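Since every read-out is calculated from the coordinates, none of them should be taken as a lab result. Predicted model only: the values in this text are computed from it and were never measured. Cβ sites come from the backbone with ideal geometry, for glycine too, and all protein chains shown count toward neighbours.
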Amino acid sequence: MIPQADIIKKIFLFHDLEENEIQQILDRTRPRNFPAGDPILQEGETGESLFIMCQGEVEITKALTLVLDEDTPKEKVMIRLKAEDGVCFGEMALLENEARSATVTALSDCSLLELQQQDFLALIRENPQMGLKIMLRLAQLLSGYLRKSNQDVIKLTTALAIALGG
């Protein structure tokens, strides 16, 4: 298995961190294991932590707001994530205790590191320089999500206008 420090280095949020800062992150995480098929996060539940993938593959789904009949799927697969790609999920929970925006399910046996919001906030208060590095990366990440959402809304609005007009 890949050393945990090497896993942390691959995560976008932590790219700017030095070795001692990576160790501080690791000191605040706890290992979590989920067998294939188990939900890791449920859409709508209150989020309180970020998960860093060490091993395995997950699927992220969102519930559909309109289900016309029993043949219509009730959720849409948004993305699949593999640990070897250097990924994490649940990053919004580092900033707020709001409802999870999607469901994450283990597709294979998964080994994760969990970073609780309270531990993250304590860590960045203790080390403001490190906190600034992470918060800048987090802002870039969330900005990218917002940009993509805006593009998707324009595409959907255009498609709807064409469908209704034609």
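Hey, which lysines would be in cross-link range of LYS155, C-alpha to C-alpha under 21 Å, not counting anything within fewer than 8 residues on its own chain?
Excluding near neighbours in sequence, the set is LYS62, LYS76.
Are there DSSP H segments in the chain that both extend 15 Å or more along their axis (alpha-carbon positions) and score a mean Kyte-Doolittle hydropathy of at least -1.0? List them, or say none.
Within the chain the helices that satisfy the rule are 128-165.
For the charge dipole of the chain, defined by +1 on Lys and Arg C-beta atoms and -1 on Asp and Glu C-beta atoms about the Cα centroid, which residue among ILE60, ALA159, GLY131 has the Cα displaced farthest towards the positive pole?
It is ALA159, whose Cα lies furthest towards the positive end.
For LYS74, which aspartates and glutamates qualify as cross-link partners when the Cα separation must be under 14 Å and same-chain residues fewer than eight apart are set aside?
GLU43
Using only the Cα atoms of the range 58-166, what semi-axes does the equivalent ellipsoid have when each is the square root of 5 times a gyration tensor eigenvalue? Give whole Å, largest first.
Values: eigenvalues 214, 78, 32 Å².
Listed largest to smallest, the semi-axes of the range 58-166 are 33, 20, 13 Å.
Take the range 13-82, drop everything but the C-alpha atoms, weight them equally and run the Debye formula without solvent; then report log10 I(q)/I(0) at 0.12, 0.14, 0.15 Å⁻¹ to two decimals.
-0.50, -0.64, -0.71
Which value, in debye to the nearest 20, gives the size of the charge dipole of the range 4-165 about its Cα centre, when Lys and Arg are +1 and Asp and Glu are -1 at the Cβ?
Details: 17 positive and 26 negative charges, 102 e Å.
With Lys and Arg at +1 and Asp and Glu at -1, about 480 debye.
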